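Here the structure comes first, spelled out in structure tokens, and everything after it is commentary.
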Amino acid sequence: MRNPRSDRVRQVRALAGRSVRSRTGRFLVEGPQAVREAVRFAPERVVDLYLTDAAAERYPEIVDAARGAGLWLHETADDVLAAMSADAQGVLAVAQTWQSSLDDVLRGAVGQAPHGRAASTPRLVALLSSVRDPGNAGTVIRAADAAGADAVVLTEGSVEPFNPKVVRSTAGSLFHLPVVTGVPVDEAVAALRRAGLTVLAADGGGDHDLDDLADRAVGIGGQLAPADGGTDLRAPTAWLFGTEAQGLSDAELSLADASVRVPIRGHAESLNLATAATVCLYASSRAQR
């Protein structure tokens with residue numbers, strides 16, 4: 001493709017807008033890392049793949065995987081790709097959106113999410129309540145993936161997972177695990193609890209210190225957490241996180257089985273959402289290992 005003013009270029013660029021994504025059921029995957037994971041883990045979702053000549057030479061593994069999956073590759077001039085997206089770094093894909101069901105996740109079914117994890121009852125879930133910041137949401141999805149979580153739930157009022165900044169911030173993790181959207185927080189908590197997960201709310205004024213729970217989970221100090229009661233990081237757990245600015249409301253905190261604070265030992269006033277979520281998810285991941 002050599003014409004930056006073509007109809008196709010305008011159609012691809014328009015996918016940066018939510019209304020267009022909703023109408024077409026398609027979204028942008030920008031940059032080599034995210035596109036690589038889309039091609040590897042969800043080739044059936046990739047509609048079109050655009051690479052500049054330089055990017056095709058630099059990332060032959062993307063080209064080979066795409067051709068192996070029978071995907072349509074468009075060799076694209078630099079100015080054309082720049083007109084499609086300012087964040088593509090020479091590699092851009094258009095993919096189909098999908099819906100993941102919380103019921104499917106809790107039943108251990110793979111559902112409709114394009115990921116390769118084995119079906120099993122979930123043991124670790126990240127639940128984001130009304131988180132609207134796309135960078136935070138995407139980074140939590142990436143952290144949850146890295147920690148081995150089984151799913152991420154974005155409650156109603158949260159940012160859309162196919163927002164371009166969310167997709168970029170996940171660095172490809174969007175294609176690795178189910179991301180459920182649009183569930184009211186109280187309904188999500190109730191469903192997670194029915195499935196046997198303990199719901200822990202991350203809160204700066206939490207009743208429990210995360211380090212204490214982590215120590216007890218592995219027997220540091222000579223005492224293991226109770227296997228049949230109390231707050232035990234070894235148990236299947238859903239972590240509930242609030243917004244960056246306001247955290248969780250009293251009503252949301254009351255939904256949880258316990259509230260947990262991440263210790264601050266230096267002079268920082270707090271941790272941002274994505275950092276705190278990463279610490280909490282990895283504490284559970286280590287305890288469950």
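So, with a 1.4 angstrom probe, what is the percent of accessible area on the chain that is carbon and sulfur?
For the chain, the apolar C and S fraction of the accessible surface comes to 46 percent.
Could you work out the helix-only [θ] at 222 nm for the chain, with each DSSP H run of four or more residues adding -39,500 (n - 2.57) and the total divided by the number of residues, to the nearest 500 deg cm²/dmol?
About -11000 deg cm²/dmol.
Calculate, in nm to one decimal, what Tyr282 and Ser249 gain on full extension: separation in residues at 0.36 nm each, minus their alpha carbon distance.
9.5 nm
Rounded, prolate or oblate: which fits the range 36-105, taking a ≥ b ≥ c as square roots of the Cα gyration tensor eigenvalues, rounded meaning a/c under 1.5, else prolate when a/b beats b/c?
Prolate, because a/c is 1.5 or more and a/b exceeds b/c.
With r defined as the distance between the Cβ atoms of Glu44 and Asp186 and R0 fixed at 41 Å, what FRET efficiency is calculated, to the nearest 0.05?
0.75
Work out, step by step, the length gained on full extension between Ile264 and Gln99: first 0.36 nm times the residue separation, then minus their alpha carbon distance; give nm to one decimal.
Taking 0.36 nm per residue and subtracting the Cα distance, the gain is 55.7 nm.
Compute the angle between helix 273-288 and the longest alpha-carbon principal axis of the chain, please, reported from 0 to 90 degrees and rounded to the nearest 10.
60
So what's the gap between the Cα centers of the range 256-289 and the range 38-82, to the nearest angstrom?
38
Under 8 Å for C-alpha pairs, at least 6 residues apart: give me the relative contact order for the chain, rounded to a whole percent.
That works out to 18 percent.
How are the alpha carbon pair distances in the range 114-211 distributed across 10 Å bins from zero to the largest one, expressed in percent?
16, 47, 33, 4
For the chain, what number results from the quotient of the Cα radius of gyration and 2.2 N^0.38 Å?
Rounded to two decimals, the normalised Rg is 1.08.
First measure r as the distance between the Cβ atoms of Arg107 and Ala14, then evaluate 1/(1 + (r/R0)^6) with R0 = 45 Å and state the FRET efficiency to the nearest 0.05.
Taking R0 as 45 Å, the efficiency between Arg107 and Ala14 is 0.75.
Can you give the Rg to Rh ratio for the range 10-59, taking only C-alpha atoms and Rh from Kirkwood?
1.00
Pull out the extension gain between Asp211 and Arg132, defined as 0.36 nm times the separation in residues minus the alpha carbon to alpha carbon distance; nm, one decimal.
Extra length from Asp211 to Arg132 when fully extended: 25.6 nm.
Can you give the accessible area per residue of the chain, in Å², using a 1.4 Å probe?
Heavy-atom accessible area per residue stands at 45 Å².
Roughly what would the spin-label model give for Asp87 and Ala69, points 7 Å off Cα along C-beta, in nm?
2.0
Provide the packing ranking of 255-267, 150-162, 133-145, 18-30, i.e. peptides ordered by the mean count of other C-beta atoms within 10 Å per residue, highest first.
Top of the packing list down: 133-145, 150-162, 18-30, 255-267.
The values are calculated or read from the model by the stated rules, or taken from the named source; none is laboratory data. Values in this document were obtained by computation on a predicted structure and should not be read as measured data. Note that each Cβ is placed from the backbone with ideal geometry, even for glycine, and that neighbours are counted across all protein chains shown. All accessible areas refer to the heavy atoms of the entire protein, side chains included, with ligands and DNA or RNA removed. Shrake-Rupley method; radii C 1.70, N 1.55, O 1.52, S 1.80 Å.
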